[in-house]
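Student: Questions regarding the structure given below will be posed in turn.
Where a number appears in this text, it was derived from the coordinates with a stated rule and is not lab data. Quick caveat: nothing in here was measured; it's all calculated off a predicted structure. Reconstructed Cβ throughout: ideal geometry from the backbone, glycine too, with neighbour counts over all protein chains shown.
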Amino acid sequence: MREMATAHTCVFGLGWGDEGKGKVVDLLSTRFDVVVRFNGGANAGHTVWVGEEKFALHLLPTGALHADVSAVIGPGVVVDPTKLVEEIDGLAARGIDVGDRLKISDRAHLVMPYHKLEDQLAEACASVPKKIGTTARGIGPCYADKALRTSAVRFSDVLHSQDFRERITTLTKDRIRTLQARFGEDIELDCVNAADAVMAACDRLKCRICDTTEFLHSAMDDGQSVLFEAANGTLLDINHGTYPYVTSSNTGPHGIGPGAGVPSHSAERLIGVTKAYTTRVGAGPFVSELHDEIGDQIRKQGNEFGTTTGRPRRCGWFDAVATRYTAKLTGATDVAMMHLDTLANFEQVGICVGYEYAGKTSSTFHAHSDILEQSKPVIEFVPGWQDCIRKIRRFEDLPSEARNYVSRVESLVGVPVTLIGVGPERSQTIVRGALEQFVQIPEATTT
Ligand code: GDP
Ligand code: IMO
Ligand code: MG
């Protein structure tokens, strides 16, 4: 147990994912006993830079990088077992032994090879306006099977189903027939190989499967501190996001209850992560998107290419309408604003403060994606700054234009900005206000 009692905390995205959650979780992890993933699956890509060394985590909680932190994959996560084994082995090869610190919920569902195939086929065949631009990691089909129930596979089946291999082979054969009927007779998947791969990975993971719900209840009763690491972003939430251009899970702190097995309100500190501008990967409305050289410059300066798929990210000015919506939705207590450094070198910086649709300006986030698609951004410009801010560690030392920018965003979103990213490396961070006493920013790591 840590020396000081630490409020259970959730780190989650306020946007369409890739806000920099991995970096924030990594910075906080040293203060927590347990880090829990509770939603999504290998669609996530959470990056941490330690000096010049890059780590990208997809299924393991980012806290797993810290030797004394327990890493939990909760019931709400959909787990591709072969990917998870690859990730564990990849970290081991780099000297990080996840070992028995990892606990996989026996209630979590398995992403099967046919889920990934279905995801790819459905995307390839979808007509353009309804292409979601998924990560092709089988997320949607796996959550669909979970809701259907009869065709789902859970980790408890790995431990307790006498005929597990037979069951997954039958499920694979059945699904191939369905996929052939839907997408064409030439669809193939080697059922024996697919079952072998799942069996081999499950054999490796068996000793990590347990009742993580019970584990978390005991840990919390014993006074251990828990950090909940959300995947994806609140604008991708299945209920509240830009439907249908969303993922298939509850992506904010409201997902803790269903996804981790403890009450969502266990997490008292709710840190919503955003970039100092807005990005999105995949299809769907993006009101403040820039289709010009400014968007290209943000992409270049921010190195905006997907961690999971390598796709170029769409870039635009900070969307205060969308972020205020997700901050309210989630009850964010803190905002972590990443990539402030990326906005250097612009004469003026834009903030989207309203949406214009059918001749009216509003600051509400519409439920229908078509309305959002047709909305035009109302942009307020504030003076930019030219200096590189990557070496700055105190808010007061930032150029006044950068400070004013943060303050303006703060007042529009209605939540204090208590952590500011000024570069990808762990040490390139400013903390202020409530987080100042709480987060220890490490010295720069030289490798
Ligand atoms: P996540 O999915 O929310 O964890 O975010 P990703 O890791 O997918 O994408 C965030 C990207 O921004 C990664 O490449 C990070 O290394 C990088 N990053 C995070 N914070 C900062 C920052 O403050 N400045 C810069 N320049 N890069 C950052
Ligand atoms: P992290 O945790 C960015 C997006 C996909 C697509 C939509 C649905 O790294 O922030 P899915 O494969 O989930 O069915 O795709 O959601 N998406 C993400 N975008 N970061 C993520 O995760 C994402 N997870 C899903 O690009 O538009
Ligand atoms: Mg990411």
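Student: Test of understanding: what is the full-extension gain from H160 to E86, defined as 0.36 nm times their sequence separation minus their Cα-Cα distance?
Tutor: Gain in length upon complete extension: 24.2 nm.
Student: Could I ask something else about it? Report the GluC sites (Glu not before Pro) located in the stretch 378-447 that are in a DSSP loop and have at most 15 other Cβ atoms inside 10 Å of their Cβ, or state none.
Tutor: E436, E443
Student: Return the whole-Å distance between the Cα centroid of the stretch 99-159 and the Cα centroid of the stretch 294-346.
Tutor: Cα centroid of the stretch 99-159 versus Cα centroid of the stretch 294-346: 27 Å apart.
Student: Here's something else I'd like to know. Based on Cβ point charges of +1 for Lys and Arg and -1 for Asp and Glu, what charge dipole magnitude is obtained for the stretch 109-205 about its Cα centre, in debye rounded to the nearest 20?
Tutor: In debye, rounded to 20, the stretch 109-205 gives about 400.
Student: Step through the residues of the stretch 231-240 one at a time and calculate ³J(HN,Hα) from phi using the Karplus curve (6.51 cos²θ - 1.76 cosθ + 1.60, θ = phi - 60°), rounding each to whole Hz and writing x for Gly and Pro.
Tutor: 10, 6, x, 5, 6, 9, 5, 4, 8, 10
Student: Moving on to the next point. For the stretch 293-299, in order, what is each residue's ³J(HN,Hα) by Karplus, 6.51 cos²θ - 1.76 cosθ + 1.60 with θ = phi - 60°, in whole Hz (x at glycine and Pro)?
Tutor: Once rounded to whole Hz, the list reads 5, 5, x, 5, 5, 4, 4.
Student: I would also like to ask the following. So for the stretch 294-339, considering every pair of alpha-carbon atoms, how many percent are separated by more than 14 Å?
Tutor: That fraction is 61 percent.
Student: Right, something else. Rounded to two decimals, what is Rg over Rh for the stretch 109-205 when you use alpha-carbon atoms and the Kirkwood radius?
Tutor: That ratio equals 0.98.
Student: What pairs from K146/K173; K275/K328; K83/K275; K83/K103; K23/K275 go past 20 Å between their alpha carbons?
Tutor: From K146/K173; K275/K328; K83/K275; K83/K103; K23/K275, over 20 Å: K83/K275.
Student: Given points 7 Å out from each Cα along the Cα-Cβ axis, report the A93 to D203 separation in nanometres with one decimal.
Tutor: Distance between label points: 2.1 nm.
Student: Further, regarding this structure: With springs only between Cα atoms under 10 Å, which of H58, H265, H240 fluctuates most in a Gaussian network model of the chain?
Tutor: H265
Student: Sticking to Cα atoms, compute the Rg of the stretch 247-358 to one decimal and its Dmax as the biggest Cα-Cα distance, whole number, in Å.
Tutor: 15.7, 48
Student: Could you name the aspartates and glutamates whose alpha carbon sits less than 18 Å from that of K300, not counting residues in the same chain fewer than 8 places away?
Tutor: D18, E19, E289, D292, D341, E347, D387, E425
Student: Which value in Å does the Kirkwood hydrodynamic radius of the stretch 273-435 take, with 1/r averaged over all unlike C-alpha pairs and then inverted?
Tutor: Result for the stretch 273-435, one decimal place: 16.2 Å.
Student: Mind listing the long-range amide H neighbours of R313? Cut-off is under 5 Å, sequence gap 5 or more, other chains count too, H placed in the peptide plane at 1.01 Å from N.
Tutor: F305, G306
Student: Can you give me the Kirkwood hydrodynamic radius for the chain, using every pair of distinct Cα atoms, in Å to one decimal?
Tutor: After inverting the mean inverse Cα-Cα distance, the result is 22.4 Å.
Student: Next up: What share of all Cα pairs of the stretch 367-438, in percent, falls into each consecutive 10 Å distance bin?
Tutor: 17, 39, 26, 16, 2
Student: Sticking with this structure for a sec: Return the aspartates and glutamates within reach of K131: Cα separation strictly under 12 angstrom, same-chain partners fewer than 8 residues apart disregarded; answer none if there are no such residues.
Tutor: D119, E123
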